[in-house]
Structures are given as C-alpha cells and as structure tokens.
Amino acid sequence: MIIPRQLDRRVPEPAEPAQVWYAAFGSNMHLKRLSYYLSGGQPPGGRRTYPGCRDGSPPERMDPVMLPGELYFALESQAWTGGMAFYDPNVDDQMAARAYLVTAEQFSDIAAQEMYRKPGENLDLGKVLATGRAVMGRGRYETLVCPGYLDGHPVLTFTAPWAMDDVEWNPPAANYLRHLGSGLAEAHGWPSEHIAQYLASRPGAVGHWTAETVAALLESSSRAGLRG
C-alpha cells in the first residue's frame with residue numbers, strides 16, 4: 001500500500017494560485033479517465049464526449065491523499081446508472097482520493113466539464129479559498145470545496161451543495177464499483193480486500209453491497225483484465 005499524503009490545514013497567505021491540487025474521489029482517480037477531461041474525447045464505453053481543457057498537458061504530479069469527510073452514494077448516474085459518488089467534508093471520517101497538481105486554469109476547465117458547462121473561463125476561487133466552500137450552482141458537482149493544502153497549494157474538489165443526510169442514498173452499480181475499486185488500487189495501491197471493505201461500508205452501499213460481493217466484483221474484473 002502507498003502511504004497517502006496528509007493535508008496541511010494551515011491556510012497560506014491569500015493569493016491567486018497558479019497551481020492547485022485537484023482531488024478526484026470518483027472515476028477520475030484513473031489517470032487515463034482524467035486524460036479525457038484534459039485533452040478531450042470519449043472514454044471507451046462512455047456516453048459523453050469531453051471537449052477537454054484549454055491546456056491539455058498532463059498533471060505535473062499526482063499523489064494519494066485522505067480527505068477529511070465521507071464518501072457516499074446518491075442520485076442516479078447518467079453514465080454508470082446507480083448511485084453517484086459524492087463528498088461530505090463535514091462528516092467525521094476520511095475519504096480516499098487522488099490529488100493531481102494542475103494549473104488553476106486546468107482545474108477551472110475540469111470543473112466546468114463536470115458541471116456540464118463549456119470550459120474556457122477561469123473560476124473565481126476567492127470564496128472557496130477564503131471559506132473552504134463555494135456554491136457555484138445547484139447542480140450535482142457545482143460546489144467547490146477546499147479541505148486543505150499540500151506543498152502550499154490548495155487542494156480543491158467539487159461535490160453537491162447538500163449534506164450527506166439531506167439526500168436519499170442510492171446504491172452504486174456494479175460497473176461503477178469496479179471502476180472505483182481499480183481507481184483506488186491505481187492511486188493508493190490498496191489490496192482488493194481493503195478496497196472491498198472500504199467501498200461496501202460507504203453510505204448508499206451499506207445494506208446493498210457487502211465486502212464479499214464487492215471483492216468478487218474486483219476479482220472478476222481482475223481476471224477479465226488478465227484474459228484481455
């Protein structure tokens with residue numbers, strides 16, 4: 001297992017950052033998946049074609065991180081069916097993520113694509129850096145969160161504007177769990193047993209998935225990969 005980096009909760013002197021860490025906790029934990037947000041295109045099996053960023057360069061660096069808060073599943077994914085992954089930073093727990101060091105411009109364009117907006121304009125990060133949170137709209141991923149800093153750069157992600165207990169949870173689909181599981185393995189180097197326990201214990205998955213059934217999904221996916 002890879003040792004995740006710890007966030008610095010100390011806020012540096014306020015400034016307009018040139019670089020930020022984009023913390024992905026869903027399908028973008030896969031670098032290959034993120035590359036479609038950066039350079040554009042349609043992922044294999046995907047339903048969306050992404051326009052990409054103004055600057056399609058790969059991240060300067062990537063590191064596994066644990067964010068304060070909770071991963072949960074709710075609503076219905078248009079791409080995967082079943083519940084989508086969301087982040088509540090106010091729950092006393094920890095959530096696994098992968099942090100990518102990108103430019104502030106790239107983060108703006110990645111966020112725009114997640115918000116179903118046209119990329120090309122820089123986000124105003126002033127409020128999220130000052131308060132840790134900025135609601136940009138009512139959409140599913142239109143709320144920016146800054147849970148801390150790494151190497152003096154802000155760590156930023158996006159989630160829904162509501163709290164975890166304010167929405168009805170929805171179990172994730174098998175293909176989505178497989179994708180999240182392989183993303184956790186790629187980013188954190190977790191063994192399949194640890195990944196299965198983690199995913200099965202998240203709100204929305206509890207009562208519908210067990211560590212054993214998730215482990216079976218990951219094992220079948222691994223076997224299929226070996227055959228391919």
Take the residues in the range 72-100 that are of a type in the set (Ser, Thr, Tyr) and under 15 Å from the mean Cα position of the chain (by Cα), then tell me which one is surrounded by the fewest Cβ atoms within 10 Å (Cβ to Cβ). 77
Find the residue count for the range 175-205, including only residues that are among the small types (Gly, Ala, Ser), in contact with a strand residue (DSSP E or B) (Cβ under 8 Å, 6 or more places away or on another chain) and in a helix (DSSP H, G or I). 3
Complete set of residues in the range 14-40 that are surrounded by fewer than 15 Cβ atoms within 10 Å (Cβ to Cβ) and in contact with a strand residue (DSSP E or B) (Cβ under 8 Å, 6 or more places away or on another chain): 18
Please tell me if residue 112 is among the aliphatic types (A, V, I, L, M) and either surrounded by fewer than 20 Cβ atoms within 10 Å (Cβ to Cβ) or in contact with a helix residue (DSSP H, G or I) (Cβ under 8 Å, 6 or more places away or on another chain) (or both). no
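Here, each number is a calculation from the coordinates, and none is a lab measurement. Predicted model, so just to flag it, every value in this text is computed and none were measured. So basically every Cβ, Gly included, is an ideal-geometry build from the backbone, and we count neighbours across all protein chains shown.
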